[in-house]
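A short write-up of the structure that comes next.
The values are calculated or read from the model by the stated rules, or taken from the named source; none is laboratory data. Since the model is a prediction, treat every value here as computed from it, not as a measurement. Here the Cβ positions follow ideal geometry from the backbone for every residue, glycine too, while neighbour counts run over all protein chains shown. Ligands, DNA and RNA are excluded from the accessible area calculation, which covers all protein heavy atoms including side chains. Shrake-Rupley method; radii C 1.70, N 1.55, O 1.52, S 1.80 Å.
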Amino acid sequence: MSDSPISTEKRGDILIVTSNNPPVNALGAGVRVGLDAALTQASADDGIKAVVLICAGQTFFAGADITEFGKPPVEPILTDLIPKIEAFDKPVIAAIHGTALGGGLETALGAHYRVAVPSAKLGVPEVKLGLLPGAGGTQRLPRVVGVKAALEMTAKGDPISATQAHKWGLVDELAEEGALLDTALALAEKVKAIRPIPRVSERTISPDDAAIEAFRKENARKFRGFDAPAANIACVEAATRLPFAEGIDFERTEFMKLMFGSQSAAQRHIFFAERKASKIDGIASDIALRPIAKVGVIGAGTMGGGITMNFLSAGIAVTIVEQAEEALNRGVGVIRKNYEASAAKGRLTTEQVEKAMGLLTPSLSLDDLSDCDLIIEAIFENMDVKKEVFGKLDAIAKPGAILASNTSYLNVDEIAASTSRPQDVLGMHFFSPANVMKLLEVVRGAKTADDVLATVMALAKKIKKVAVVAGVCHGFIGNRMLMPRQVEANKLLMEGATPEQIDRVHVEFGMPMGPFQMSDLAGVDIGWHRDPTRIESIRDALCAEDRWGQKKGAGFYDYDEKRNPTPSPRVAEIIEDFRSRSNMPKREISDQEIIERTLYTMVNEGAMILEEGMAQRASDVDVVWIYGYGWPVYRGGPMFWAGLEGTPKIVEGLKKHGFTISPLLAEKAEKNEGF
Ligand code: 3HC
C-alpha cells in the first residue's frame with residue numbers, strides 16, 4: 001500500500017486511518033480503495049476496537065473527485081463505501097479539520113461520531129456544481145440537523161462553521177486547534193464499547209411541509225432557472241416521508257438526472273474555469289512577485305471608493321487621493337457608511353470596521369503616493385486626463401511601483417507610453433460596485449513585465465477577486481462583447497421590438513436584467529453628448545427629455561418611487577416617431593431573432609477576441625461574463641453555451657442576418673464542436 005494515499009497506524013486498540021491526497025483530499029479512486037482496505041484490516045483484527053478517520057494536509061475530504069465525473073465509475077464507489085462505514089461493527093470516528101465538503105461530509109455522516117476543530121467548515125456545496133449530495137447526504141443530513149437547516153445547507157450550498165455544526169449536533173465534540181487527533185482518540189476510547197453503535201440512517205425524522213413550502217417561496221427568486229436547488233429540496237422532503245433505503249433510491253435518481261444534464265456540466269465547467277483563469281500562459285507559476293504592502297488609489301468617487309475597500313478589507317493600507325477636500329471627505333464618508341452598513345447587518349464587527357478605516361489615509365496630493373507599491377488610477381474616462389496623471393505618477397512613484405489604470409475601454413499601451421516605465425503599467429478593470437463584484441479584468445499591455453502581471457493576478461486572489469487576463473483592445477473582453485449586443489438591441493427597437501420584449505428574452509434566458517433595464521440602471525446618459533438639440537438616436541431623444549434612467553424616475557421604462565418599472569407610452573411614441581422618420585417598416589420580431597442578434601453576436605465577438613489572443617482561453621471569456629455581468633452560471637458562460645446551443649446553429653443564425661462570421665467560430669461549426 002506504499003503508493004496509497006491512505007495509511008494506517010495502530011495506537012493501542014484504535015486504528016488511525018489517515019488520508020493524504022493533496023491538495024484537498026478529494027475522494028478519488030485511490031482514496032476509496034485505501035479506505036476500503038483499511039476497513040477490511042480493522043474488521044479482521046480483533047485487537048482493533050475503534051477506527052479514527054483523519055486527513056493529513058490542509059483539509060478533511062473536500063468532496064468527491066470532480067475530475068472523475070462523467071467518466072466510468074471506479075470501484076469501490078462512494079455510495080457503496082459510505083454505507084459500509086456506517087454498517088461497520090466497530091465505532092468509526094471522523095476527525096475533521098479544514099473543510100469537510102460534499103462527499104467528505106457525507107463520509108463523516110457515515111461515521112458514527114464526528115469531532116472537529118472550531119476553524120473547520122462543514123457543508124454540502126454540490127448545488128453549486130448543479131448537483132446534490134448524492135452519497136446519502138440528502139437523507140442523512142436532515143436526520144441530524146433537522147429539515148430547516150438541511151434545506152439551507154443542501155439547496156444553498158454554503159458551509160457552516162464547526163461551532164455551528166456542534167450546536168446542531170452535526171459535530172459531537174469540538175477539539176482544540178492542534179489537538180484533533182488526541183481528542184478523536186480520547187472519544188474513541190470512550191465509545192469503543194458502547195452498543196448499539198449510533199447510526200444516522202436509523203434515526204427518524206418527521207415531515208415538516210410548512211418549513212419546506214416556506215423555504216421554496218422565500219428563495220424562489222434566488223433559485224430561478226436552476227434545476228439543482230429544487231432537486232435538493234425534493235430529496236430533503238423525501239427524507240421526511242420515505243424509509244431511509246427508499247429515500248436513498250430517490251436521491252440516486254435525482255442525482256443522475258442532474259449529473260447528466262447540461263446545467264451541472266456548465267457549473268462544473270465554471271468551477272474549473274475560475275481556477276484556470278488565474279494561470280498565466282507562458283509565465284512560470286513560481287516567478288518572484290513584487291511585494292504589495294501599500295496601495296494608492298486616485299479618485300474617491302464610486303469606483304475609487306469601491307476599489308479602496310477591497311484592499312482595506314484584506315488588511316492592506318491605502319492612500320486615497322482626490323483633488324478637492326469636499327470630494328475626498330464625501331468619498332471617505334461613503335466608505336465608512338458602507339462598512340457600517342455591513343456591521344449593522346452583522347457581517348462585520350465594529351472592531352473590523354475601525355481596523356479597516358484605520359488603514360486608510362486620505363490625501364489631496366499625488367505626492368503622498370510616493371511610498372505605494374501599487375497605484376490605481378480611477379478617474380474620469382478620458383485619455384488626455386489619464387495620460388497627464390500617469391505622466392505625473394512617473395515622477396512621483398518609487399522605482400518598481402506598479403501603475404494601474406481602472407479604464408474600462410481605453411488603450412492601456414497609450415497610457416503606459418506617457419510614462420518612462422511602461423513595463424510597470426497595466427490595466428485593472430474593476431466592475432461596479434467594485435467592493436461587491438467579483439470580476440477583475442487585468443489588462444496586459446504590450447510592454448507589461450511578467451512579474452507585474454503575475455503580482456497583480458496573485459493580489460487579485462488576496463482581495464477575493466476572480467481575475468482574468470485580457471489584451472489591449474477596445475472594451476477588453478466584457479465590454480467589447482457588450483457592444484454588438486447593444487447595437488443590435490437598438491436596431492431591433494427600430495425594426496419593431498419593444499424594450500420590454502428584448503429585456504424579457506434576456507431575463508428568461510437567465511440574465512439578471514436585459515439591455516434596456518441595464519441601461520436604465522447604469523444611466524442612459526452615460527456617454528451622451530449632452531446636447532439636447534442634437535437628436536440622432538432613440539437614446540438622444542430619451543436623454544433630451546431627461547429620461548436618464550432610474551435616477552431620474554424615467555428611462556426606457558417609467559419608474560414609481562420604489563423604482564418599480566412599467567412600460568412607458570412616451571418611449572413607445574419616441575420609438576414610433578424615429579421609425580417613421582427613417583421609413584423603417586415595422587414588423588413582428590420573434591424571440592428567437594432577439595437571441596440570434598443579441599446573444600449569437602456575443603459568441604461571434606468572443607470568438608474574435610480569442611482569435612486575436614485578447615483572452616487566453618475560451619473559459620476565461622466565460623468567467624468574465626459569469627462574474628462581471630451575471631450570465632446564468634447554469635449556461636456556463638457564452639462560449640460554453642455556444643457548445644450547448646450548437647456552433648453550426650449559431651453560424652446559420654448569424655448568416656441569416658448578414659453578420660461576418662469569425663473564422664474561429666466558422667471552424668468550430670465546421671467540426672460541430674464547442675469552444
Ligand atoms: N475534486 C477535484 N479537484 C478539486 C476538488 C474536488 N472536489 N476540489 C478542489 N479541487 C482542486 C482544484 O481544482 C484546484 O486544482 P488546481 O490547483 O489544479 O487548480 C485545487 O484542488 C485547489 O483548489 P482551490 O484552488 O479551490 O483551493 P482553495 O484552498 O481555495 O479551496 C476548497 C479549497 C474549499 C476545498 C475548494 O477547492 C472547493 O470548494 N472545492 C470543491 C468542493 C466541492 O464542491 N465538493 C463537492 C464535490 S461533489 C461531491 O462530493 C458529490 C458527492 O455528493 C457524490
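Assorted remarks:
- Burial order of peptide ranges 33-41, 528-536 (average beta-carbon count within 10 Å, highest first): 33-41, 528-536
- Beta bridges per DSSP with both ends in the chain, % antiparallel, nearest 5: 30 percent
- Taking the centroid of alpha carbons for each part, the range 504-554 and the range 340-389 are 30 Å apart.
- Protein heavy-atom accessible surface, 1.4 Å probe, per residue over the range 581-626: 38 Å².
- The long axis of helix 478-495 is offset from the longest Cα principal axis of the chain by roughly 60 degrees.
- Heavy atoms of Y409 accessible to a 1.4 Å probe, total area in Å² rounded to 10: 70 Å²
- For the range 462-482 versus the range 14-72, the gap between their alpha-carbon centres in whole angstrom: 41 Å
- Percent accessible area from carbon and sulfur atoms, the range 99-229, protein chains only, probe 1.4 Å: 53 percent
- Residues in the range 367-508 average 35 Å² of solvent-accessible surface per residue, probe 1.4 Å, ligands and nucleic acids excluded.
- Principal-axis tilt of helix 601-611 within the chain, Cα atoms, nearest 10 degrees: 80 degrees
- Modelled label positions at D286 and I194, each set 7 Å beyond Cα in the direction of Cβ, lie 4.8 nm from each other.
- When only Cα pairs below 8 angstrom with a gap of at least 6 residues are kept, the chain shows a relative contact order of 9 percent.
- Averaged per residue, the range 1-129 has 37 square angstrom of accessible surface, using a 1.4 angstrom probe with ligands and nucleic acids left out.
- Computed from Cα atoms, the angle from the helix 618-629 axis to the main principal axis of the chain rounds to 80 degrees.
- The Cα atoms of the chain give a gyration tensor whose axes a ≥ b ≥ c have a/c of 1.5 or more with a/b greater than b/c, which makes the shape prolate.
- What the Cα atoms of the range 50-121 give is an Rg and a Dmax of 12.5, 37 Å.
- Within the accessible area of the range 421-517 (1.4 Å probe), percent carbon and sulfur: 58 percent
- Counting only residues at least eight positions apart within a chain, or on another chain, the lysines with an alpha carbon under 25 Å from that of K279 are K128, K294, K438, K447, K461, K462, K464, K465, K668.
- Per-atom-type breakdown for the range 1-88 gives carbon and sulfur 56% of the accessible area (1.4 Å probe, protein chains only).
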